[in-house]
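So the structure is just underneath, and the comments pick up after that.
We did not get these values from a lab; they are worked out from the coordinates using the rules stated. Predicted model, so just to flag it, every value in this text is computed and none were measured. No Cβ is skipped: glycine too gets one built from the backbone with ideal geometry, and neighbour counts run over all protein chains shown.
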Amino acid sequence: MPLYQLDPHDNLFPDPRTALDEPNGLLAVGGDLSPARLLNAYRRGIFPWFSPGDPILWWSPDPRTVLFPGELIIHRSLRKTLKNHPFEIHVNRDFHGVLTACAAPRQHQSGTWITSEMQQAYLRLHSMGYAHSIESWRDDTLVGGLFGVKIGHLFFGESMFSRVSDASKAALVALCQGALGITPAMIDCQFSTDHLLSLGAKPIPRSEFLALLARYI
């Protein structure tokens, strides 16, 4: 089946259930990263993810990895760290700084999906009140955090970073405990990683994810 080509003149997407099995969840190609298209995508459980130089690719994988805040696993070592209050947690104090840090090259990775084009797109969503950063600070220095898009009672997590041990985990705990003014009903983690699974995230069928999406959006 040919990959769905997005119409450049509207923001419509195909049914997420028509996404490819291989690569898992690839749904469409093309379009742009305008706020209207991005918000429409998130509301339908679709997100952009592509490498520099590639066309914009849109995804809706099956299964979908999510984290329910009440199921967050705070391991003993992290609990001990948090008990000593090593971080000040702030929301949107330096969204651009978090975005830049998340886009920086990682160890054993040659590039980043958070291209300059993606950064500008998230900055626009931030200015509109949709994209947020949860930040860990120490001695007035940003040392870790995460960012994502909040719509309704869902937080679509995009990326996190740490410059000191447990800094991004502390930000995640704060998010799960209502740092944005509400405790999100669900955090979308998109794909599974060992790190996310160790924190309590779990894969669920795409059909279940879409039903929860409709409920919490």
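Here are the numbers:
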| item | result |
| --- | --- |
| Mean separation of Cα contacts under 8 Å, 6 or more apart, over the residue count of segment 4-61: relative contact order % | 38 percent |
| The chain, dipole about Cα centre (Lys/Arg Cβ +1, Asp/Glu Cβ -1), debye to the nearest 20 | 700 debye |
| Those lysines that a straight Cα-Cα span of less than 16 Å connects to residue 80, excepting residues fewer than 8 apart in one chain | 169 |
| Relative contact order, percent, the chain [alpha-carbon distance under 8 Å, six or more residues apart] | 24 percent |
| Over the chain: helical MRE at 222 nm, DSSP H runs n ≥ 4 each giving -39500 (n - 2.57), nearest 500 | -8500 deg cm²/dmol |
| Those lysines that a straight Cα-Cα span of less than 16 Å connects to residue 202, excepting residues fewer than 8 apart in one chain | none |
| Candidate aspartates and glutamates for bridging to residue 83, where Cα separation is under 18 Å - those fewer than 8 sequence places away on the same chain excluded | 135, 139, 166 |
| Value of relative contact order over segment 66-188, rounded to a whole percent, pairs C-alpha under 8 Å and six or more apart | 30 percent |
